[in-house]
Amino acid sequence: MTTGRSSYVEMRALDRLTSHNIKTKVHTIKKSLKLNSKLEDLISKISQAMSESYTKVLTPNGIVRGKELDQLLSIDADIVICLGMIESELNSLKISDLIDTMEELIEERRKLVDSLRA
């Protein structure tokens, strides 16, 4: 991990793993319910938001920005929890609250990743 290459390889692997796990949950939700337009839009946003973000927590010389990595991991954990709740509450009226929470998390994640690009 002392070289930038090693860190980059590790972060790309983390990107792939996280993206795969979340896309699997999204696919399960898509299959198991009739999506209203708001939920369908949210599901689309999730898939787009999950692309190549962990490599952005590296500085150009390969040093991991610990604070930003922790923040990104926390947001992704919250997204996974919300997806699990949506999956378990498919026929409930509470789903609209979960959709709002997910939209906020996705927007927070997007802003964080965009700030890392600068």
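The values are calculated or read from the model by the stated rules, or taken from the named source; none is laboratory data. All values derive from a computational prediction rather than experimental measurement. Positions of Cβ are generated from backbone atoms using ideal geometry, with glycine treated the same way; all protein chains shown enter the neighbour counts. We work out accessible area using only protein heavy atoms, side chains counted, and drop any ligands, DNA or RNA first. Shrake-Rupley method; radii C 1.70, N 1.55, O 1.52, S 1.80 Å.
Structure above, values below:
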item: Tabulated pairs, the range 59-79, first open to solvent by less than 40 Å² (accessible area, probe 1.4 Å), second of a type in the set (D, E, K, R) and at pLDDT below 85, C-beta under 7 angstrom, 6+ apart or interchain; result: Gly62/Arg5
item: Subset of the range 80-112 (residues that are within 18 Å of His20 (Cβ to Cβ), free of Cβ contacts under 8 Å to residues at least 60 places away in the same chain and open to solvent by 30 Å² or more (accessible area, probe 1.4 Å)); result: Val80, Ile81
item: Ile75 touching a Lys or Arg at 6+ places or on another chain (Cβ under 7 Å), at pLDDT 85 or above and part of a helix (DSSP H, G or I); result: yes
item: Criterion: β-branched (Val, Ile, Thr), assigned to a helix (DSSP H, G or I) and either open to solvent by 100 Å² or more (accessible area, probe 1.4 Å) or modelled with pLDDT under 85 (or both) - qualifying residue of Ile22, Ile29; result: Ile29
item: Count - residues of the range 50-72 that are assigned to a strand (DSSP E or B) and touching a Gly at 6+ places or on another chain (Cβ under 8 Å); result: 1
